[in-house]
Amino acid sequence: MELKTTGIAGTMESSDIQIVLEPRTEGGIEVSLTSNVMNQFGKQIVKVIRETLADLKVENAYVNAVDKGALDCTIKARVQAAAYRAAESDEYVWRTKA
Amino acid sequence: MDNYNVIAGVSFTGSRLAEYREFLHKRGLKDEGDCDYTVMILDEDYVPVACGSLSGSVMKQIAVDDTVEGAGLCAKVVSELQNEAARRGKSHLFLYTKPENKRMFTSMGFSVMAETDSVLMMENRRDGLKRFLDSIGKRGGKSACIVCNCNPMTKGHQYLMETAAANCDNLYIFVLSEDGGGDNFPPDVRYELVKGGTAHIKNAIVCHSDEYLISRSTFPAYFLKDTIDVELVRADLDLILFATRIAPALGITARYVGTEPYDAVTRRYNERMHEILPKYGIEVIEIPRKDNISASRVRALLKEGKFAEIKELVPENVYEYLSGNFAHDA
């Protein structure tokens, strides 16, 4: 998936995470994370963000994440939404057959 | 958060606007009247408890009632504003706040660009400034810089650049990226004309200023006491940003500037430059304006279609552009 513009998803409310994705032509994924649970879960949050982008085949991007204690599933959903918005794509696959 | 109501809009009018202003006033703030978008949060009885506005790429007039502090309403307001800005294609946002709010905004992903005793300037990209500076790159030897609008570039600008370039190894020329609109030339045109007009200066590095140099981003007067001169605080912030972040990263030790006989704001800015920059080891060198050429004179002549006179005032490439694009009646 190729990012065309800046995509934003999520909020900075408790239990949520705000993801801002910016396109980048090279250099891979660069994550900048602000979190109130940085010491406990910082590495895990970055891991989920990176894995979600890898699943979507986003190879280059700046990620600005402001976490307020989001669960992994929330992080994943927010990253996906931001990526689709940044790619200006509406080809969501909401459900895949097992 | 369940019992709160959020209202948002392009611009409030009537009783809603009065309510917004009254709330700001109670928090010791003032509506500057130039907001593009406002968010207000009301409690279950429809009494305002938090608000914030967007003016271009600046978030302003963010206020939260004492009684609900700690409920995360400030973050909610900032989120709403950021989302709206994103819908408008603006992801790089700025805010000015009091130094004591540093921690709160840092926790929302903002980082400090410049700081004085009374005001803090922040951006929502953690490494925005660093990325900007990295993209320009530091060069060895003695570096100097010129910051200019060049609206459009004149022989006066060219003379200043040639003089500065002869006295250093690298000359960074920052062309302001802000779009003045109206009669002004767009930033990309001004930038290209400077590139063309300095092609013969081998050690010139022409750069966009992005939002990092003399940004006209409306400076919020609302939390400043009336006795503080807004233009002065804005100038100081810009110069401190330059002196503490930009100049050291690029190894700039001198800033060249043309004398300003006409514009009072620019003249005062130059005065502050002389006062502030030397404290940070940056020399300010003022070069007398060549033949009193001014870009505003060129714009005035352009309106009148006097191309013969324009030719005397601007470099060849600028003349070509102007006559090629504006001389349709000639």
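The values are calculated or read from the model by the stated rules, or taken from the named source; none is laboratory data. All values derive from a computational prediction rather than experimental measurement. Please note: Cβ atoms are built from the backbone with ideal geometry, for glycine as well, and neighbour counts cover all protein chains shown.
Return the total of residues in the range B:113-135 being surrounded by fewer than 16 Cβ atoms within 10 Å (Cβ to Cβ) and at pLDDT 90 or above. Qualifying residue count, the range B:113-135: 2. Note on the range B:168-201: residues that are at pLDDT 95 or above and assigned to a loop (DSSP other than H, G, I, E, B) total 6. Could you tell me whether B:M121 is within 24 Å of B:R255 (Cβ to Cβ), aliphatic (A, V, I, L, M) and not in a helix (DSSP H, G or I)? Here the answer is yes, as B:M121 does meet what is asked. The C-beta contact set for the range B:127-144 (first residue on the phi > 0 side of the Ramachandran plot, second residue surrounded by fewer than 16 Cβ atoms within 10 Å (Cβ to Cβ), distance under 6 angstrom, 6+ apart or interchain) comprises B:G141/B:D169. The requirement of being within 11 Å of chain B (Cβ to nearest Cβ), of a type in the set (A, V, I, L, M, F, W, C) and touching a Gly at 6+ places or on another chain (Cβ under 8 Å) is fulfilled nowhere in the range A:35-54; no residue meets it. Among the residues of the range B:64-85, those that are away from chain A (no Cβ under 12 Å) and surrounded by fewer than 21 Cβ atoms within 10 Å (Cβ to Cβ) comprise B:D65, B:D66, B:T67, B:V68, B:E69. When B:L93 is tested against (1) at pLDDT below 85; (2) within 14 Å of chain A (Cβ to nearest Cβ), just one condition goes unmet, and that condition is (1).
For the range B:83-105, name all the residues that are assigned to a helix (DSSP H, G or I) and in contact (Cβ under 8 Å) with a residue 12 or more places away in the chain. Those that are assigned to a helix (DSSP H, G or I) and in contact (Cβ under 8 Å) with a residue 12 or more places away in the chain: B:E84, B:A85, B:P99, B:N101, B:K102, B:M104, B:F105. Restricting to the range A:1-34, what's the tally of residues that are more than 9 Å from every other protein chain (Cβ to nearest Cβ), surrounded by fewer than 20 Cβ atoms within 10 Å (Cβ to Cβ) and part of a loop (DSSP other than H, G, I, E, B)? Residues that pass the stated criteria total 9. In the range A:11-21, the qualifying residues are those that are of a type outside the set (S, T, Y) and modelled with pLDDT of 90 or more, and the one that is farthest from the chain's Cα centre (by Cα) is A:D16.
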